[in-house]
Each structure stands twice: as structure tokens, then as C-alpha cells.
1. So, for region 58-191, what is the accessible surface per residue at a probe of 1.4 Å, expressed in square angstrom?
2. Let me check the size of region 274-349 from its C-alpha atoms; what are the radius of gyration and Dmax in Å?
3. Give the long-range amide H neighbours of residue 208: residues separated by 5 or more places, or on another chain, with amide H under 5 Å away, using H modelled in the peptide plane at 1.01 Å from N.
4. How large is ³J(HN,Hα), in whole Hz, for each residue of region 223-239 in order, when computed from phi with the Karplus curve 6.51 cos²θ - 1.76 cosθ + 1.60 and θ = phi - 60°, using x for Gly and Pro?
5. Under the rule a/c < 1.5 gives rounded, and otherwise a/b versus b/c splits prolate from oblate, where does region 178-243 land using the Cα gyration tensor?
6. If you count, for each residue, the other Cβ atoms within 10 Å and average over each peptide, how do 185-193, 137-145 line up from highest to lowest?
7. Amide H of residue 315 versus every other amide H placed in the peptide plane: which residues, excluding those fewer than 5 positions away on the same chain, fall under 5 Å?
8. Would you mind putting 346-352, 33-39 in packing order, based on average other-beta-carbon counts within 10 Å, highest first?
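The values are calculated or read from the model by the stated rules, or taken from the named source; none is laboratory data. Owing to the predicted nature of the structure, the values given are computational and were not obtained by experimental measurement. All Cβ positions, even for glycine, are placed from backbone atoms using ideal geometry, and neighbour counts span all protein chains on display. Keep in mind that these areas ignore ligands, DNA and RNA; they rest on the heavy atoms of the full protein, side chains included. Shrake-Rupley method; radii C 1.70, N 1.55, O 1.52, S 1.80 Å.
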Amino acid sequence: MIELPDLVVGGLAAGTLSAFVLGGGLLRARRQKAALRAEVTELRARLKDAEGAFVSEVEHLATRRMPAAAAQLAHPHLKVPGPAGHRTPGTPTGIALEYVLTALREELTAQRTRIDAAAQAGLRGATREIQAALYRLQDALRGLQQRYDEPELAQTLFALDHENEQSLRRAQVAAVVCGAWVGLAREESHVVDAVTGGQARLAGYHRVRVHNHLEPGTALVSHAVEPVAIIVAELLDNALRHSAPDTDVVVNLEHVHHGVCVTVDDAGLGMTQDERARAQRLVAGGDPILLTDLGDPPRMGLAAVGRLTRQFDLAVDLSSPSPYGGVRAVLRVDTHLLGRIDPDLRPPSVSAPRSTRERAAVRETTGPGPAAPAETAPAPPPAAPAPAVPEPAAEGAGGAEHERAPGHQEPGAPAGLPQRRRRARPDAPAVPLRQPAARRPEEAAAALAALQYGTAAARTPKRAPAPDPRRTDDEGEAAR
């Protein structure tokens with residue numbers, strides 16, 4: 001039988017043991033709670049850091065990356081900065097931010113295209129009205145030129161016509177950039193006439209030197225005449241604007257394997273590699289043209305060239321420098337855009353340079369002609385002695401006369417051949433040479449007006465069926 005003290009001792013022992021067990025559990029719980037508190041504190045700190053990094057990334061996206069992405073649409077050479085954090089790329093946050101940039105680019109491109117299309121439509125309508133008015137003014141000026149033959153008035157009318165032609169070219173280029181038609185329907189014409197027609201639309205046309213090396217009769221099909229004239233005018237305008245006013249712009253027309261090339265060389269400052277690459281992209285016509293990409297004020301010349309090359313299957317190259325230190329522009333017209341016109345039935349305009357092949361053929365056919373006999377004036381009477389009797393030589397290519405002493409032989413004359421001399425009679429009085437009568441200004445103006453009228457009448461192209469009047473001859477200015 002167990003005694004009471006033993007039971008008390010056992011109970012106390014059990015209670016003590018339970019107290020130890022409960023105390024150990026309480027300590028473990030406190031330790032776990034402290035660990036949990038530390039982990040929560042650490043997680044809160046990490047969350048705060050992540051939140052701060054995300055906020056910084058969003059701020060970097062809004063202040064740096066999005067404006068750069070928007071500017072890159074207009075200036076492709078600009079670079080968009082990367083994420084602010086080094087560990088952001090590839091993470092869900094980095095992927096989401098890149099998606100924001102992509103959506104921004106797509107939306108900006110769509111809005112720019114829509115706004116630019118509206119601007120082009122408005123400008124196209126305005127230039128159409130301006131072109132119609134300038135065509136009417138040009139017809140009125142041509143009528144005045146044919147009606148009046150006063151030299152001063154004719155010169156003033158020619159100057160006004162040329163200024164009107166330059167304004168018409170600018171309006172035509174703006175319309176072409178905005179997607180309008182070139183505005184004229186022409187019959188097939190000589191290539192050299194299209195080139196000189198483009199030259200006549202410029203203010204510095206007198207600085208252009210055209211060398212025609214084409215076969216006589218080389219022509220353009222009807223729908224390619226006006227585009228070629230516009231392209232040549234813009235290439236020449238760039239060459240004239242970016243070169244010194246005392247230098248010439250050289251144009252060469254040559255046959256190549258695939259057709260005809262018109263090469264324009266200037267002696268200007270040239271272009272940097274980036275400028276040449278941008279110009280080549282514009283004239284290639286592959287990228288869409290936006291007015292906002294052409295600068296302020298917009299430079300539409302190369303953009304118009306690019307649109308025409310794409311529409312009419314032409315090719316323009318600006319990748320090589322000029323041998324004179326400037327820029328070389330090459331327009332290539334393929335064979336399917338070329339034709340032939342009989343130069344005897346329809347010769348080129350009088351202002352167009354003759355082909356070097358034609359001149360060579362003429363020299364080979366005719367050969368060196370016989371020397372013309374020299375006409376001499378009678379000698380003075382013997383009462384007036386002179387050391388030598390002057391004898392005027394035959395009139396040369398320039399129409400000038402010079403005195404020649406007896407026994408003098410013309411340069412280039414065959415050696416050993418006798419020179420015919422006219423003997424003077426002693427009793428013959430001295431007779432002065434007859435001089436051609438001076439031409440009155442009225443006669444010169446009338447002849448020039450008749451020449452212009454005949455050229456315009458012979459080269460009147462077909463007009464397109466349009467409600468607005470259209471100009472029918474751009475080569476008239478070249479004839480002046």
C-alpha cells in the first residue's frame with residue numbers, strides 16, 4: 001500500500017516534469033514567433049525594395065524609354081535606352097514593359113499615318129488648285145508673247161514666264177509627294193528634250209552643261225516623258241543649290257546595257273555617309289513617305305523622285321561621289337521606257353544640244369571641205385605707197401575677217417599649194433568692204449517670237465482630259 005508522502009512526491013515530480021515540458025514548448029513557440037517576425041520583416045523589406053525598383057523602372061519607362069521610342073519612329077538612328085535595373089530583362093516585369101513599348105510604337109505609327117494622310121489630302125487639293133491657276137497664267141503669258149514683239153516687253157514676259165515655271169514646278173513636286181498624278185499627258189519625245197525641259201524649270205539653268213552622247217532619235221515613251229523631266233529638274237536643283245554659283249553642273253546622256261543613263265555631277269560640298277544613305281532611301285521609294293519626316297520646312301525634292309521612281313519603274317542612284325568633289329546622281333531609264341523618233345521628221349528642239357554621235361557621223365560623211373577662195377579688196381592707187389597691201393581673208397566659222405599680208409599662208413592649209421591673189425588695178429579707187437546691215441531690235445524680237453511659236457506648235461503634246469487647264473509645253477523655256 002502506497003503511502004501518502006510517496007503520492008505527493010510522485011505528483012510533484014509529474015507536475016515538475018509537465019512544467020518543464022510546457023516551458024520548453026513555450027520557449028520553442030517564442031523562438032518560432034521571433035523567427036517568423038524576422039522573416040516577415042525581411043519580406044517586407046524585400047517587398048519595399050521591389051516596389052521601389054518597380055516604381056523606378058516605371059518612371060524610367062515614362063521619362064526615358066517611351067519618348068526615345070516615339071522619337072525613333074522619326075529618326076531611326078536613335079537608340080532606345082534599356083531597363084534601369086540590370087536584372088529586369090527576361091523577368092515578367094521586363095517582358096510587360098517591353099510589351100508596353102511595342103504597343104506604343106504600333107499606336108503611334110497608326111496615328112502618324114492617319115494624320116499624315118489627312119495632311120497629304122489637304123495639301124493635294126490645295127496644290128491642284130494652284131497648278132490650275134499657274135497653267136492658266138502660263139497660257140496667258142504665252143499668248144502675250146506671241147501677240148507683242150516689242151523687245152523690252154518680250155524680255156519682261158519671258159522673265160515672268162520663267163518665274164511662273166518655277167512656281168509651277170514647286171507646286172507639282174508637292175502634289176507628287178502627296179500622291180497626286182504628275183499632271184500632264186505627253187506624246188513621246190526625245191530624251192534630250194525631256195532633259196532640257198527639266199533644265200528650263202530652274203533659276204540657274206545657265207550653269208548646266210548638257211553633253212548628249214545618245215544616238216539621234218532616242219526617245220521616251222509618252223507616259224515617261226514628264227516623270228523624267230521632273231526627276232531631272234529635282235536632281236539639277238539639288239546640284240545647283242549645293243554648289244558654288246561660279247561652278248557648272250555637268251550632265252551626260254549615255255547609252256548603257258539596260259537603257260539610257262542621265263548622269264548629273266556637281267562640284268559642291270558633297271554629303272556625309274549618313275546623309276547619302278538617307279538620300280538613297282528616299283530616292284529608292286521603298287519606304288512610305290510622311291510629310292513629318294521631310295523636315296521644317298519640308299524638303300520634297302528627293303521624296304518626289306522616290307515616288308516617281310516607284311510609280312514609273314525608274315532608278316536613281318546617289319551612292320557615289322562626283323569626280324569634281326560633289327555628288328553624282330544617276331538616273332537610269334530602262335529599255336522598255338525607250339522608243340525611237342525619226343530625227344528628220346521630228347527633230348529635237350533648237351535649244352537641245354546636238355548629239356556627239358551625229359556630229360561625228362557628219363564629219364565622217366562630208367570630210368574636210370575645200371578651202372573657200374579668199375576675197376580681197378582692191379589695193380590703193382600707187383600714189384599712196386604702203387609696205388604691204390592688206391588682203392582680207394575668207395570669212396571663218398565665227399564670221400570674223402582679218403587682214404593677211406602677201407605671201408602669208410593660212411594655218412591648216414595644205415603645204416605647197418598656191419594661194420590665189422587678186423591683182424589690183426592701178427586706176428581702181430579704194431572701195432571699202434560691205435558690212436551687213438545692223439538688225440533692228442524689232443526684227444530680232446519678231447524672229448525670236450516666231451521661233452518660239454513654231455517650236456511650241458510643233459511640240460504641242462496631248463492634254464489629259466481634266467476640268468482644269470493643263471500646260472502643254474515645258475520645253476519652251478529651254479528654247480529661250
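1. 55
2. 15.9, 50
3. Those lying under 5 Å, H to H, from residue 208 are 249.
4. 6, 9, 5, 5, x, 5, 4, 5, 5, 4, 4, 5, 5, 5, 5, 4, 5
5. oblate
6. Descending mean neighbour count gives 185-193, 137-145.
7. Distant-sequence amide H within range of residue 315: 332.
8. 346-352, 33-39
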